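The structure appears below as structure tokens.
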Amino acid sequence: MDPDILIVGAGLFGLTMAERLANVCGKRVLIIDKRDHIGGNCYSEFDSATGIECHKYGAHLFHTSDEEVWQYVNRFTKFTPYIHKVYTTHDGEVYPLPINLGTINQFFHAAYTPDAARQLIAEQSASAPTQPTNLVEQGISLIGRPLFDAFIKNYTAKQWQTPAEELSPDIIKRLPVRYNYDNRYFNNTHEGLPLEGYEAWFQNMLDSCGDKVTVRLSTDYFTDPEIQTLRETGILTVYTGPIDQFYDYQFGELSWRSLDLVKEVLDVDDFQGCPVMNYADLEPKYTRIHEFKHFHPERTNDAYAPGSGKTVIVREYSKTWHRGDEPYYPVNTTEDRTKLAKYQELVARDGNIIFGGRLGEYAYFDMDKTIASALSAFADLQPKLSQLIES
Ligand code: FAD
Ligand code: UDP
């Protein structure tokens, strides 16, 4: 195939762009990925020992309030009615998350009504500035100092290993705070998991493109000789790898968090009784344990049936990223934002390359935001597509 466009990365950004470019514009697209599978960090596989679907790069739960994105993803997969619930262990006790009236009453050994709890938290958060500028100020303004110290301070220290005063307030604004007993983890209109698994969803996206899209796996943009030749032609490129790597780290590395995901198959039916258990204290060192079985209560086959005697868990440890590690989370300190602005100046000068996704935009995007960003990049690109391909 002689492609019109090269896409680097078969994650959600790359797949969405490929699907739009092929199906709306009839373009021939080559997608490469250095990994040996499609789907980027959302990839899951069915564990060979147990048959349980495991999310290889950490648990991925789909949730969105964006109607355009919801309509779009439903073209390629059905979603289960799964509603995500998370619990946290602090000081030898298990509490519900996100912080809700159940958490507050259990923590303070009280029976506050919604209004009384609101009043309490208003008093405990009074010292926080009205315009929080970092994670600590934002956290205290949302839930007050005692709850912040118990549930956020040490978890955040383990997760980010960066002074919380240097972290963006947006990180903690991801979590709702509720003055009722609703402990849905997310606040979105739509939520669920792909019925047949993530790989089937992404394969359906590719299948919808027929022969317009070719995928080459285990192919690194920076080292593959054939891709080097293609790059020399000046082919229009969508790049979803790390932006700092693309420019050979010339302004220095952006800071990322990486993860160690330690998988274990256990000979028990149910290890923890819930999909995700967070660990709010400095010990144990891991931030959370995922137990994948609980993501699919609707599955009744042998792997999932009560009495299977097997389960799969993953302990998630956060670690500082060094070259060669997977970059998972952009840390996004003030210093990072300064470096990013310099890289973005180079992007603005590069006419035939589009940077997208979590790594390409250096943004803490959930799946829906990644898709929304790709749909928006496609809408910007479409009117000038022919000109860019011909130039
Ligand atoms: P990626 O999925 O990272 O894909 C980029 C691809 O580019 C990768 O496959 C990579 O191998 C490839 N690539 C990079 N460099 C090169 C190169 N040089 N040559 C070839 N290929 C290259 N979102 C949710 O909505 N819900 C969740 O529950 C959720 N949980 C998450 C948990 C974790 C631990 C993490 C890290 C993220 C989570 N997310 C979640 C976010 C979600 O993973 C992202 O929104 C999504 O994966 C971003 O897609 P992407 O295409 O931008 O990047
Ligand atoms: N967080 C926390 N305690 C928790 C859960 C979350 O302090 O039990 C903070 C932490 O800083 C984390 C952020 O809230 O990085 C966002 O949490 P979320 O669960 O959305 O993170 P993700 O699933 O993206 O890792």
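The values are calculated or read from the model by the stated rules, or taken from the named source; none is laboratory data. These figures come from a predicted structure and were not determined experimentally. FYI the Cβ positions are ideal-geometry reconstructions off the backbone, even for glycines, and counts take in every protein chain you see.
Taken together, G351, G324, G307 contain a single residue that is at pLDDT below 95, within 16 Å of ligand 1 (Cβ to nearest atom), more than 14 Å from L254 (Cβ to Cβ) and not in a helix (DSSP H, G or I), which is G324. Could you tell me which residue of the range 351-380 is farthest from E335 (Cα to Cα), considering only residues that are out of contact with any Phe, Trp or Tyr (no Cβ under 9 Å at 6 or more places or on another chain) and either within 16 Å of ligand 2 (Cβ to nearest atom) or without any contact (Cβ under 8 Å) to a residue 60 or more places away in the chain (or both)? Going through the qualifying residues, I end up with A379. Scan the range 1-53 for residues that are near ligand 1 (Cβ under 10 Å from one of its atoms), part of a strand (DSSP E or B), farther than 16 Å from A374 by Cα and in contact with a helix residue (DSSP H, G or I) (Cβ under 6 Å, 6 or more places away or on another chain) and the total you get is 0. Please state which of the following conditions F79 fails to meet, knowing it meets all the rest: (1) within 16 Å of ligand 2 (Cβ to nearest atom); (2) touching a residue at least 24 places away in the same chain (Cβ under 8 Å). F79 satisfies all of (1) within 16 Å of ligand 2 (Cβ to nearest atom); (2) touching a residue at least 24 places away in the same chain (Cβ under 8 Å) except (1).
Taking the criterion of being of a type in the set (V, I, T) and over 15 Å from R118 (Cα atoms), the residues of the range 129-146 that qualify are T130, T133, V136.
Out of everything in the range 1-50 that is surrounded by fewer than 19 Cβ atoms within 10 Å (Cβ to Cβ) and within 16 Å of Y198 (Cβ to Cβ), what residue ends up being farthest from ligand 2 (Cβ to nearest atom)? Residue satisfying both the conditions and the ranking: D36.
Checked against the criterion of being in contact with a His (Cβ under 7 Å, 6 or more places away or on another chain) and among the aromatic types (F, W, Y), the candidates Y304, Y317, Y286 yield just one match: Y304. If only residues of the range 130-161 that are within 16 Å of ligand 1 (Cβ to nearest atom) and of a type in the set (S, T, N, Q) are counted, the one that is modelled with the lowest pLDDT is Q161.
G102 meets the conditions (1) within 30 Å of G309 (Cα to Cα); (2) within 16 Å of ligand 2 (Cβ to nearest atom) in every case but one. The failed one is (1).
Checking each residue in the range 59-72 for being within 11 Å of ligand 1 (Cβ to nearest atom) and out of contact with any Lys or Arg (no Cβ under 9 Å at 6 or more places or on another chain) picks out H60, L61, F62, H63. Applying the condition of being under 24 Å from the mean Cα position of the chain (by Cα) and not hydrophobic (A, V, I, L, M, F, W, C) to the range 115-136 and asking which residue is farthest from L175 (Cα to Cα) yields T133.
Return the only residue of E264, E226, E291 being surrounded by 20 or more Cβ atoms within 10 Å (Cβ to Cβ), closer than 30 Å to G324 by Cα and charged (D, E, K, R). Within the list E264, E226, E291, the selection yields E291.
One residue stands out in the range 163-207 among those that are buried (at least 18 other Cβ atoms within 10 Å of the Cβ) and among the hydroxyl-bearing types (S, T, Y): the one that is farthest from ligand 2 (Cβ to nearest atom), namely Y198.
Based on this model, can you work out whether R337 counts as in contact (Cβ under 8 Å) with a residue 24 or more places away in the chain, away from ligand 2 (no atom under 16 Å from the Cβ), of a type in the set (D, E, K, R) and under 30 Å from P163 (Cβ atoms)? So R337 fails the test. For the range 89-114, give me each residue that is touching a strand residue (DSSP E or B) at 6+ places or on another chain (Cβ under 7 Å) and within 21 Å of P169 (Cα to Cα). Of everything in the range 89-114, just one residue is touching a strand residue (DSSP E or B) at 6+ places or on another chain (Cβ under 7 Å) and within 21 Å of P169 (Cα to Cα), namely L97.
Considering the range 51-64, and only residues there that are away from ligand 2 (no atom under 16 Å from the Cβ) and either surrounded by 20 or more Cβ atoms within 10 Å (Cβ to Cβ) or under 21 Å from F186 (Cα atoms) (or both), the residue that is nearest to the chain's Cα centre (by Cα) turns out to be C54.
I'd like to know if the range 237-246 contains one or more residues that are modelled with pLDDT of 95 or more and over 30 Å from E335 (Cβ atoms). No, every residue in the range 237-246 fails to be modelled with pLDDT of 95 or more and over 30 Å from E335 (Cβ atoms).
Restricting the range 357-389 to residues that are closer than 13 Å to L236 by Cβ and in contact with a helix residue (DSSP H, G or I) (Cβ under 9 Å, 6 or more places away or on another chain) leaves a set whose member that is surrounded by the fewest Cβ atoms within 10 Å (Cβ to Cβ) is Q382.
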